[in-house]
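What follows is one structure encoded as structure tokens, with my remarks underneath.
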Amino acid sequence: MRRRLPSVDQLLQDPRFSGLVERHGRGVVLRVLRRLLDAARERAAAGDETGLQEALDRLGADLADRVERARRPSLVRVLNATGVVVHTNLGRAPLSPVAAARVAEIASSYSNLEYDLAAGERGDREAHAEARLRELLGAEGTVVVNNCAAAVLLALNTLAEGREVLVSRGELVEIGGSFRIPEILRKSGARLREVGTTNRTRLADYRAAIGPETAAILRVHPSNFRIVGFTEAPDLAELAELARSAGVPLVEDQGSGLLEPLPEPAHTEPTVAGSLRGGADLVTFSGDKLLGGPQAGLGAGRRGAIEAMRRNPLYRALRVDKMTLAALDAVLLDYEADAAAASVPVRRMLALGAEAVRDRARALADALANGAPSLAISVQDGESAVGGGAVPTVGLPTALLALTHSSAGPDRLAAALRAGEPPVIVRVADDRVLVDLRTVEPADEPALLLALRAAAERVARG
Ligand SMILES: *Cc1c(COP(=O)(O)O)cnc(C)c1O
């Protein structure tokens, strides 16, 4: 039976496959072909004659199919129809077309990243986004590293290596994945000194814990959870006063990175400038959460603390590249011009009222009623989420397109949507597929409509 297997060389000369080699290169085609032949060889070895014949008959189609799939980029654009605005699994904040174009330009050319054009000599990368951020926040200093976790690590290592950091027991939190305050603190070389209790920590608890070993007080924004009921925590101003009188810096890990207050009902989320005004010596936050920019960790605060962070050799290991700085600078330009509410996608999505989403949902429902006979479609009230671990208990009123398929459950339809091009990510609840247009750009609605029709049809065909 094995003798019926063609050789790799024979196959590569087959005119059916030469196009594949030309388009994708010999290496990939060879690798996939060897794998298919191995599978066929196993069938031959097992004496499975029909299986072998099938494999040989399908060889051309399988090869083309697998080579095409192997050659697709693995990181692809998806449509986020979940209504979770800052969705960490879906790449958090999308950039505006203008910001994305700035990234493309800087990425594909040389730039004045560390070059002073006026003086004609080596310049400073701080002159770009960091300088703009400093102006915007009215902060003495700013620093940009890879993400907020890196900013916290750098801050603690710089300010408190080998010494104690006071943290309330109610703030020893896990932010998601592997970012846990006690662990990042240990990795920074600082020692954790726990203060107060899970639900109640008073100013007096901090005061009692301050001693010669104290290097900093760390306040962590409980961004992704809430403790309710019998609770107490000193407000920022009180804590700042205590830190000042004790001569230790107050660091606030804020995470969400809000530059301008959110509209109701999410208006309780604190802003970076508010924390600086409230007396924090250093605030750390993410670039790709509520700020709506690229993945980055930003630090803003006192000049001394920021300069010490920059001098730390860890800064060199954690700093960002030109593409991040280009994106961040483009987004900050929008904030500077008071244009962020309209041009930064995350800000625009967060500000959408339920009425605006409902109008779009109704129009999409009408369009979908043509050409998707297997779908039952309705528009219902619902809630979107801010996401990114911000204001976790606040839902944004929205309108949802609710879909049921005549021949399959919602999980099948959701899977078909994920398998489409572009993949569409939806919510499934109450036996329905729910589509929230808050997180879909209007320009993407035609693509969404086609994807919904195609998925419904694929499910109907079984
Ligand atoms: C999200 C968050 C972080 C981690 O931010 P990354 O940019 O994802 O590293 C740290 N601290 C707080 C309070 C957060 O909300």
In terms of the charge dipole of the chain, which places +1 on Lys and Arg and -1 on Asp and Glu at the beta carbon, the residue among 10, 201, 27 farthest towards the positive end is 10
The stretch 336-371 versus the stretch 189-256: alpha-carbon centroid distance in Å:
40 Å
For the chain, the longest principal axis of the Cα atoms and the Cα long axis of helix 445-461 enclose an angle in degrees, to the nearest 10, of 50 degrees
Cα pairs beyond 20 Å in the stretch 1-125, in percent, come to 66 percent
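Taking the radius of gyration and the Kirkwood hydrodynamic radius from Cα positions alone, what is the Rg/Rh ratio for the stretch 397-462, to two decimal places? It would help to have the intermediate numbers written out before the result.
On the way: Rg = 11.2 Å, Rh = 11.9 Å.
My calculation of the ratio gives 0.94.
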Give me the angle, in degrees from 0 to 90, between the Cα long axis of helix 15-24 and the longest principal axis of the Cα atoms of the chain, rounded to the nearest 10.
10 degrees
When the accessible area of the chain is computed with all protein chains present and a 1.4 Å probe, what percentage of it is carbon and sulfur?
50 percent
How far is helix 236-246 tilted, in degrees, relative to the longest principal axis of the Cα atoms in the chain, given as a value from 0 to 90 rounded to the nearest 10?
60 degrees
In whole Å, largest first, what are the principal axis extents of the Cα atoms in the stretch 349-394?
39, 19, 15
Nearest 5 is fine: what % of DSSP beta bridges in the chain come out antiparallel, could you say?
60 percent
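Keeping all protein chains in place, calculate the accessible area per residue for the chain (probe 1.4 angstrom), answer in Å².
For the chain, the solvent-accessible area averages 48 Å² per residue.
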Keeping all protein chains in place and using 1.4 angstrom, which order do 175, 227 fall into by accessible surface area, from largest down?
227, 175
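Mind putting a number on the dipole of the stretch 56-150 about its Cα centre? Charges go on the C-beta only, +1 for Lys and Arg and -1 for Asp and Glu, and I need it in Debye to the nearest 20. Write out the running numbers ahead of the final one.
Working: 12 positive and 13 negative charges, 109 e Å.
Roughly 520 debye, rounded to the nearest 20.
Could you sort the peptides 427-433, 448-454 by per-residue average Cβ neighbour count (10 Å cutoff), highest mean leading? Show your work: numbers first, answer last.
Values: 427-433: 16.3, 448-454: 19.9.
Descending mean neighbour count gives 448-454, 427-433.
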Please compute the modelled spin-label separation between residue 314 and residue 124, points set 7 Å along Cα→Cβ, answer in nm with one decimal.
2.2 nm
Based on a Kirkwood Rh over C-alpha pairs, give the Stokes-Einstein translational diffusion coefficient of the stretch 207-318 at 20 °C and viscosity 1.002 mPa s in µm²/s.
140 µm²/s
Answer with one residue from 61, 352, 144: the one whose Cα lies farthest towards the positive end of the charge dipole of the chain, charges on Cβ with Lys, Arg +1 and Asp, Glu -1.
61
Arrange the peptides 320-333, 266-279 so that the one whose residues have, on average, the most other Cβ atoms within 10 Å appears first.
320-333, 266-279
Dividing the surface of the Cα convex hull of the stretch 78-133 by four yields a projected area in nm² of 5.7 nm²
What FRET efficiency comes out for the pair residue 380/residue 445, r = Cβ-Cβ distance, R0 = 30 Å, nearest 0.05?
0.95
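With 11 Å as the cut-off, how large is the P(r) tail for the stretch 189-235, expressed as percent of Cα-Cα pairs?
Numbers: 798 of 1081 pairs.
Result: 74 percent of Cα pairs exceed 11 Å.
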How are the C-alpha pair distances of the chain spread across 20 Å bins, as whole percents from the shortest bin up?
21, 41, 30, 8, 0
Calculate I(q)/I(0) for the stretch 337-462 by the Debye formula, one identical point scatterer on each C-alpha and no solvent, and give its log10 at q = 0.10, 0.14, 0.15, 0.17 Å⁻¹ to two decimals.
-0.32, -0.61, -0.69, -0.87
Shape box of the stretch 245-398 [Cα atoms, principal axes, largest first, Å]
67, 36, 29
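Given a Förster distance of 25 angstrom, what is the FRET efficiency for residue 101 paired with residue 367, based on the Cβ-Cβ distance and rounded to 0.05?
Working: r = 30 Å, r/R0 = 1.20.
The computed FRET efficiency comes out at 0.25.
Could you grab the relative contact order for the chain? Cα pairs under 8 Å, six or more apart, rounded to a whole percent.
Details: 816 pairs, mean separation 84.4, N = 462.
Relative contact order for the chain comes out at 18 percent.
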Radius 9 Å from Cβ of residue 262, net charge of other residues (Lys, Arg +1; Asp, Glu -1):
-2
Once the dipole of the stretch 254-354 is set up with Lys and Arg at +1 and Asp and Glu at -1 on Cβ about the Cα centre, which of 263, 328, 282 lies farthest towards its positive end?
282
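Taking the convex hull of the Cα atoms, report for the stretch 98-212 its projected area averaged over all directions, in nm². Intermediate results must be reported in sequence, preceding the final value.
Details: hull surface 45.2 nm².
That works out to 11.3 nm².
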Expected field for residue 18, accessible surface area in Å² at 1.4 Å probe radius, rounded to 10, holds 50 Å²
Where nothing but the Cβ of Lys and Arg (+1) and of Asp and Glu (-1) is charged, how large is the charge dipole of the chain around its Cα centre, in debye to the nearest 20?
1480 debye
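The values are calculated or read from the model by the stated rules, or taken from the named source; none is laboratory data. Here the structure is a predicted model, which is why all the values come from computation and not from measurement. Virtual Cβ from ideal backbone geometry, glycine too; neighbours counted across all protein chains shown. Heads up: the accessible areas ignore ligands, DNA and RNA and are worked out on the full protein's heavy atoms, side chains in. Shrake-Rupley method; radii C 1.70, N 1.55, O 1.52, S 1.80 Å.
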